[in-house]
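Down below is the structure, laid out as structure tokens.
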Amino acid sequence: MIGMEAWAPWHLQAFMKQTEEEKDLQIMAVSDIYTRRKQRARDIAKLTDKDVHHDYRDLLARKDVDAVLIAAPDHWHGQMALDARGRGARTYTWKKPMTHTLDEAKAIVEAVKKYNRILQVGNQGLSSPATHKSKELIDAGEIGQVLCGPGHLGP
């Protein structure tokens with residue numbers, strides 16, 4: 001796991017439960033830049049200090065890591081996903097956006113094709129009632145025209 005903000009500890013706890021019950025996955029390492037988050041993740045995953053990384057690239061360099069979950073701040077998603085692709089790791093970015101620019105998104109699509117590895121982007125918010133209500137308001141013209149900046153993904 002790369003990044004331990006927000007819901008990441010909850011996901012890590014769920015993975016540990018699955019590890020114990022199903023024995024179909026193993027948490028090999030975690031990475032975060034904040035000491036407190038690293039310590040919490042280490043304790044949840046029952047890892048040693050050598051399995052806890054400050055720099056996510058050190059985690060990606062490990063030979064025993066074949067998949068990563070990226071739970072870092074949004075502005076890191078694109079670069080981390082590209083780095084994971086180059087390493088050949090399957091990647092799940094657990095929250096949107098996948099990238100901040102269309103160019104980053106295109107680079108990731110090309111890397112997925114080149115390395116023939118899975119990339120999945122979590123977007124759990126699409127099924128929330130608030131998201132559906134927001135779409136209704138946008139479609140009805142209730143909030144005005146929706147705009148995005150140049151080079152960014154949007155309507």
Worksheet item: Can we say A71 is in contact (Cβ under 8 Å) with a residue 40 or more places away in the chain, open to solvent by less than 30 Å² (accessible area, probe 1.4 Å) and within 18 Å of A6 (Cα to Cα)?
Response: yes
Practice prompt. Name every residue in region 51-96 that is at pLDDT 90 or above and farther than 20 Å from G122 by Cβ, in order of residue number.
Written response: D51, V52, H53, H54, D55, R57, D58, A61, R62, K63, D64
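Before we move on, is E142 more than 19 Å from R85 (Cβ to Cβ) and either modelled with pLDDT of 90 or more or of a type in the set (A, V, I, L, M) (or both)?
Working: more than 19 Å from R85 (Cβ to Cβ): yes; either modelled with pLDDT of 90 or more or of a type in the set (A, V, I, L, M) (or both): yes.
In short, yes.
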Discussion item. I'd like to check something: does region 113-134 contain any residue that is over 30 Å from P9 (Cβ atoms), of a type in the set (K, R) and at pLDDT 90 or above?
Written reply: yes
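Condition test on G86, is it open to solvent by less than 40 Å² (accessible area, probe 1.4 Å) and either basic (K, R) or in a helix (DSSP H, G or I) (or both)?
For G86, the condition - open to solvent by less than 40 Å² (accessible area, probe 1.4 Å) and either basic (K, R) or in a helix (DSSP H, G or I) (or both) - is not met.
The values are calculated or read from the model by the stated rules, or taken from the named source; none is laboratory data. Bear in mind the structure is a predicted one, so any value in this text is a computation, not a measurement. Virtual Cβ from ideal backbone geometry, glycine too; neighbours counted across all protein chains shown. The protein model used for the area step is the full one, side chains on, heavy atoms only, and it has no ligands, DNA or RNA in it. Shrake-Rupley method; radii C 1.70, N 1.55, O 1.52, S 1.80 Å.
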